[in-house]
1. Quick one, can you get me the convex hull of the C-alpha atoms of the stretch 9-115 expressed as volume per residue in Å³?
2. Fewest first, what order do 25, 188, 209 take by the number of other Cβ atoms within 10 Å?
3. For the pair residue 215 and residue 23, how long in nm is the line joining their label points, each one 7 Å along Cα→Cβ?
4. What's the extension gain from residue 118 to residue 163 if we count 0.36 nm per residue and subtract their Cα-Cα distance?
5. Residues in the stretch 206-221, backbone N under 12 Å from the label point at residue 107 (7 Å along the Cα-to-beta-carbon vector): list them, ranges by number please.
6. How much length, in nm to one decimal, is gained on full extension between residue 150 and residue 35, taken as 0.36 nm per residue of separation minus their Cα-Cα distance?
7. Over what distance in Å are the Cα centres of the stretch 9-51 and the stretch 63-139 separated?
8. Let's test this: bin the Cα-Cα distances of the stretch 94-236 at 10 Å from zero up to the farthest pair and state each bin's percent.
Ligand code: UDP
């Protein structure tokens with residue numbers, strides 16, 4: 001695999017073309033942003049942790065029948081993935097009230113939901129990723145009904161698998177965000193699953209082990225990310 005030109009630079013990752021048109025290289029950075037990019041900083045070694053965590057979780061999901069873009073972790077910060085045509089709809093799954101849902105519904109953070117909630121957000125920085133529903137996605141041609149149905153089946157399956165996995169390592173999976181894309185006509189899980197894109201609470205102490213430490217200036221973000229990767233590595 002040969003690393004070619006940079007084709008995209010996001011907040012947390014860079015994407016490079018390779019000599020194979022069906023594959024791209026993702027490189028994880030330590031840059032951290034929150035609140036629509038208005039809060040900026042870095043979390044030391046975050047890119048290394050997120051790459052490792054995401055690769056291990058995607059491997060676990062693949063083992064249990066979830067098709068993902070993962071091909072091969074190349075080094076600490078680099079991963080080779082299938083080039084997806086990304087569906088511009090972010091899929092959030094929630095098990096416990098936290099973050100934006102707490103304010104929107106006036107419920108206390110930590111309230112356990114009677115079942116998972118799936119939400120869709122339109123992936124658009126200029127519009128600040130607005131909350132949408134299936135009608136918006138369908139009518140705007142961001143995703144077909146078949147794709148939306150498939151994405152929801154996959155999201156619930158991923159939630160069940162990850163809840164079990166995290167529970168075994170003493171972590172509560174509060175909520176998380178997924179992105180899907182199309183590859184050779186199939187829907188695959190893309191992007192990353194990491195402490196940047198999940199809310200993870202220690203089962204005993206309820207300590208936050210995710211990006212909320214950065215968002216809310218709680219400190220010890222590097223330690224929290226390291227703790228997550230340490231526990232995941234130990235489970236493999
Ligand atoms: N999330 C994400 N990227 C986003 C927005 C949310 O990864 O652009 C994740 C976030 O880390 C959390 C879940 O999705 O695990 C739900 O986030 P929420 O809607 O509560 O938004 P926030 O409070 O993070 O603004």
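1. That works out to 150 Å³ per residue.
2. Ordered from fewest to most neighbouring Cβ atoms within 10 Å, 25, 188, 209 come out as 188, 25, 209.
3. Label-label distance for residue 215 and residue 23, simple model: 3.5 nm.
4. Result for the pair: 14.7 nm of gain on full extension.
5. none
6. Full-extension gain reported as 38.4 nm.
7. Spelled out, the Cα-based centre of one part sits 17 Å from the other.
8. Percent of pairs per bin, in order: 10, 37, 36, 15, 1.
Here, each number is a calculation from the coordinates, and none is a lab measurement. Just so you know, these numbers come straight off a predicted model, no measurement behind them. All Cβ positions, even for glycine, are placed from backbone atoms using ideal geometry, and neighbour counts span all protein chains on display.
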